[in-house]
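Peer 1: Got a structure for you, written out below as structure tokens; questions coming shortly.
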4 protein chains.
Amino acid sequence: MSLPDYGRAFALWRTAAGADWDRYVGHDFVCQLAAGTLPRASFLHYLQQDYVFLLHFARAWALVFAKSDRLSEMRAASLIAHGLLHDEMPLHVSLCAREGISEEMLQATPESPANMAYTRYVHATGYAGDLLDLLAALAPCVLGYGEIGRRHAASVGPYGDWTATYGGADYQRLCVEVGALTDAALEARLGPDWPRLPRAVALARHFSQATQLEAGFWQMGLDRA
Amino acid sequence: MSLPDYGRAFALWRTAAGADWDRYVGHDFVCQLAAGTLPRASFLHYLQQDYVFLLHFARAWALVFAKSDRLSEMRAASLIAHGLLHDEMPLHVSLCAREGISEEMLQATPESPANMAYTRYVHATGYAGDLLDLLAALAPCVLGYGEIGRRHAASVGPYGDWTATYGGADYQRLCVEVGALTDAALEARLGPDWPRLPRAVALARHFSQATQLEAGFWQMGLDRA
Amino acid sequence: MSLPDYGRAFALWRTAAGADWDRYVGHDFVCQLAAGTLPRASFLHYLQQDYVFLLHFARAWALVFAKSDRLSEMRAASLIAHGLLHDEMPLHVSLCAREGISEEMLQATPESPANMAYTRYVHATGYAGDLLDLLAALAPCVLGYGEIGRRHAASVGPYGDWTATYGGADYQRLCVEVGALTDAALEARLGPDWPRLPRAVALARHFSQATQLEAGFWQMGLDRA
Amino acid sequence: MSLPDYGRAFALWRTAAGADWDRYVGHDFVCQLAAGTLPRASFLHYLQQDYVFLLHFARAWALVFAKSDRLSEMRAASLIAHGLLHDEMPLHVSLCAREGISEEMLQATPESPANMAYTRYVHATGYAGDLLDLLAALAPCVLGYGEIGRRHAASVGPYGDWTATYGGADYQRLCVEVGALTDAALEARLGPDWPRLPRAVALARHFSQATQLEAGFWQMGLDRA
């Protein structure tokens, strides 16, 4: 299957992440999810942790908004952060309810170390750096889910809804938009030749490191089984 | 006229700010605006600066979102930040257009020192401190406009739209909500007796200092006349 | 052996962390280190990662300085951050050199996920919160090493220097000072009854979560063996 | 008199700030200080405010340390922040004591709006952006004092000590070092052609805006007379 086209920065960072990227998007958790063989306990554990994750992820996008100085970026970040909170979270809550996980249980979820590891990396990188550092740390999550969804969009079985969501047109469009937002933010600050600047190395490292931590998030799901 | 009831923290902080608060809500710029005697040049200068202000103000509310760890606060902050960007800003742009100030002119506005002073104080206080520090620094703007609007809601004349907006039911409701959000955030972290904690002094100081800088924002309008 | 006396906050947080604390200070890595049975490869891996750790740790103490608004705290934080950079790091570099790890190797160390997890948690918690949040997240590292050192101060064998350092008078004095700094910072902001405030729960959670991530740092050493 | 040589970034930013720079380094407060005609009340007011300023300035340099990811930058920033706290502040306290201003009075100084304006601009710019944004906002203070001191180093009269300090070899060396640190930080991230990148515009704007706010600090001194 062809690679997803989420823009220039993604293509570069994905290549630079190399085997780390493959370990993340091709993680056993993902393969078993797509094949429908993932133990239910793993999926439910993942869903519960994902609730906590979404809160921290929304906060990270709010930080993108706070750290932007261009109106177009502020608007895009606000749409994403607002949508996560007012659309995604309620959807996630009702999905969990269907699985027998109440909102009270979600709110009482003890955050797993692997969950903390990725989200706090994003926050720390974003606070310590600027908007570009933050976007590079966010990219593996947004776009990795897109690549995984796209690859397994035709999966059926018990987790078919999950792959259909991330492989679906809405989520793929979001990936294209986030990729374009990232490319535009880079060019607007560093010019069209930004990949040749020393700073490109640091940005690619944020992407790779966040990718490693995202793989840890999948592993957490498997370990629970 | 009775004092506005925007909650407990506001009442305490307002009292603690004393003469600084009166100098802000009773500033000559405000009196002349209400009386309709404010020079047009002052009002237009204020409108232009207010465009830049709104951008930084929206970013500050996005930071409230990013720094919250309670879902209700995240939702409220997202509604405000999102509303500022997607509703208030377009309204402001069309209001300015009617006054002959194009969006291009707005975007090219050189930010005045008094404008920087208040917004960066809010950002700096919010980044260096926690959610409560940020809310204390934001309160003078949100709630001061509410008190001014309420006091001058019946004003007619060239600036009657302005006073009607801030004295109107929608804005007054926002003030009550922001006051309640602030009170709830304080109690949820510091308990019901928070005004007796040493930290209350620092919070009141943020409010007073931000109040002084807000008065400087009005003065900037007058100085331009 | 009696518990170390590093102040009131530490005693409370340590108790609240419960089994997580025991898993951290009593981790197999630590036991094997004290017993002298830890594989050399594990120790060397730990040393290399610790170099990267120290950089992020020093930055965290610099953030304590930046986020303080009391001169005594600023001074204490500056002494620690400055000392880490100008005393600890050179010591660590020469210790590594004796083990055959050059400064170039140290600087090229790929940061392990467990290493990122703890340090970014501290940074993220500190940036998103205030000084107290940051101190609560820093405490498990500073004071946990103190407790471990104290417990194993009499250890001999290949890693006797390590336990002697952290069990020695200098490091124990630092622990007492950091405990006192933390207690004073809490009281100066939240008053003497701070443990009864709702906020105490959040602070204890930072401590517990950071403790879990610190245990992951030891595990990383073992996994490498 | 030739321009001071504090490096490439300073030369570019100084030129871009144009008349704003001249209004700052050639402010009446400075001219009267150099001529010895500045009213004593103005100087004393300045000295008191400068105490509060130094605290915030030291915190800003601690933030440089926290936001650096290169050891050389961390070391340089730590030296400056540490030196401000442990050398400059005590010197300032004893200078004030000779003028009849006790340490208690210094600690009770109500911070003036112009004082807040500059320091919070630096903090806000630094927290919202990255290390380079922060350095650009800090430069007008460090290097502006250097240029002023250099220009008036031969001044005698009641304020001769002040001009001698900033015009002296120690402070001039510091300016050269800070200029070199800034140049190196820019090159290490953005490459040797950084002035051609779009980001250079934003950095120059930070410098110009901070310069305007620094001029307001001098004006505060005059206004008090």
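Only the coordinates and a few stated rules stand behind these numbers; no lab work does. All of these numbers come straight from a predicted model, not from anything done at the bench. In this analysis, Cβ positions are derived from the backbone assuming ideal geometry, glycine residues included, and neighbour counts consider all displayed protein chains.
Peer 1: Tilt of helix C:169-190 relative to the longest C-alpha principal axis of chain C, in degrees (0 to 90, nearest 10)?
Peer 2: The angle comes out at about 30 degrees.
Peer 1: Label-to-label distances across copies for C:VAL201, with labels 7 Å out along Cα→Cβ, in nm, shortest first?
Peer 2: 2.9, 4.7, 5.0
Peer 1: Further question on the same structure: Most mobile of C:GLY160, C:GLY100, C:GLY126 per a Gaussian network model of chain C (Cα springs, under 10 Å)?
Peer 2: Answer for the Gaussian network model of chain C: C:GLY100.
Peer 1: Using Cβ contacts closer than 10 Å as the measure, can you line up D:HIS45, B:HIS206 from fewest to most?
Peer 2: In increasing order of surrounding Cβ atoms, one gets D:HIS45, B:HIS206.
Peer 1: Still on this structure, I have one more. Averaged across the residues of D:64-77, what count of C-beta atoms belonging to other chains lies within 10 Å of each residue's C-beta? All intermediate terms of the calculation are to be shown ahead of the outcome.
Peer 2: Working: counts 2, 11, 16, 8, 5, 7, 1, 5, 0, 0, 8, 5, 0, 3.
Mean inter-chain Cβ contacts per residue within 10 Å come to 5.
Peer 1: Please report, in debye to the nearest 20, how large the charge dipole of chain D is about its Cα centre when each Lys and Arg carries +1 at its beta carbon and each Asp and Glu carries -1 there.
Peer 2: Magnitude of the dipole: close to 380 debye.
Peer 1: Still on this structure, I have one more. About the Cα centre of the protein assembly as shown, how large is the charge dipole given +1 on each Lys and Arg Cβ and -1 on each Asp and Glu Cβ? Please answer in debye to the nearest 20. Please report the intermediate quantities before stating the final value.
Peer 2: Details: 72 positive and 96 negative charges, 0 e Å.
It comes to approximately 0 debye.
Peer 1: Please identify, among A:THR119, A:THR15, A:THR182, the residue showing maximal mean-square fluctuation in a Gaussian network model of chain A using a 10 angstrom Cα cutoff.
Peer 2: A:THR15
Peer 1: What relative contact order, as a whole-number percentage, does chain C give when Cα pairs under 8 Å and 6 or more residues apart are counted? Walk me through the numbers before you get to the answer.
Peer 2: Numbers: 260 pairs, mean separation 85.2, N = 225.
Once divided by the residue count of chain C, the mean separation gives 38 percent.
Peer 1: Add +1 for every Lys or Arg and -1 for every Asp or Glu among the other residues with Cβ under 14 Å from the Cβ of C:THR119, and state the total. Can you show the working numbers first?
Peer 2: Details: positive: A:ARG120, C:ARG59, C:ARG120; negative: C:ASP50, C:GLU111, C:GLU214, D:ASP69.
Counting the neighbours of C:THR119, the net charge comes to -1.
Peer 1: Further question: So the label point sits 7 Å from Cα along the Cα-to-Cβ vector; using that for C:ALA97, what distances do you get to the other copies, in nanometres, sorted shortest first?
Peer 2: 4.2, 6.5, 6.9
Peer 1: Based only on other Cβ atoms within 10 Å, what is the fewest-to-most ordering of C:VAL30, C:VAL122? Mind showing how you got there, number by number?
Peer 2: Numbers: C:VAL30 21, C:VAL122 29.
Ordered by Cβ neighbours within 10 Å, fewest first: C:VAL30, C:VAL122.
Peer 1: By how many degrees, between 0 and 90 and to the nearest 10, does the Cα long axis of helix B:89-98 differ from the longest principal axis of chain B?
Peer 2: Tilt relative to chain B: about 20 degrees.
Peer 1: Taking the 0 to 90 degree range and rounding to the nearest ten, how far is the long axis of helix C:8-25 tilted relative to the main principal axis of chain C, both from C-alpha atoms?
Peer 2: Long axis of C:8-25 versus the principal axis of chain C: about 30 degrees.
Peer 1: Follow-up question, since we're still on this one. Would you calculate, for chain B, the mean residue ellipticity at 222 nm contributed by helices, counting each DSSP H stretch of 4 or more residues as -39,500 (n - 2.57) and dividing by all residues, to the nearest 500?
Peer 2: Value at 222 nm, helices only: -25000 deg cm²/dmol.
Peer 1: Cut-off 10 angstrom, C-alpha nodes, Gaussian network model of chain A. Which of A:LEU138, A:LEU190, A:LEU33 fluctuates the most?
Peer 2: Looking only at A:LEU138, A:LEU190, A:LEU33, the biggest GNM fluctuation is shown by A:LEU190.
Peer 1: State, to one decimal in nm and shortest first, how far the label point of B:GLU177 sits from each corresponding label point in the other identical copies (label point: 7 angstrom along Cα-to-Cβ).
Peer 2: When each copy's label point is compared with this one, the spacings are 2.2, 5.0, 5.3 nm.
Peer 1: Then there's this: With Kirkwood's inverse mean 1/r over C-alpha pairs for Rh, give me the Rg to Rh ratio of chain B, two decimals please. The partial results should precede the final answer.
Peer 2: Numbers: Rg = 16.8 Å, Rh = 17.7 Å.
Expressed as Rg/Rh, it is 0.95.
Peer 1: Below 8 Å, C-alpha to C-alpha, sequence gap of six or more: please give me the relative contact order for the range C:114-225 in percent.
Peer 2: Computed value for the range C:114-225: 35 percent relative contact order.
Peer 1: Shifting gears a bit: Among B:VAL64, A:VAL176, what is the fewest-to-most ranking by other Cβ atoms within 10 Å?
Peer 2: Fewest-to-most Cβ neighbours within 10 Å comes out as A:VAL176, B:VAL64.
Peer 1: Residue by residue through B:124-137, how many Cβ atoms from other chains fall within 10 Å of the Cβ on average?
Peer 2: Mean inter-chain Cβ contacts per residue within 10 Å come to 5.
Peer 1: Using a 10 Å cut-off on Cβ to Cβ distances, tally the other chain neighbours for every residue of D:109-119 and report the average as a whole number.
Peer 2: Counting other chains' Cβ atoms within 10 Å and averaging over D:109-119 gives 4.
Peer 1: Got a sec to turn the phi values of the range A:45-56 into Karplus ³J(HN,Hα) couplings, 6.51 cos²θ - 1.76 cosθ + 1.60 with θ = phi - 60°, whole Hz, x for Gly and Pro?
Peer 2: 4, 4, 4, 5, 5, 5, 4, 5, 4, 4, 4, 6
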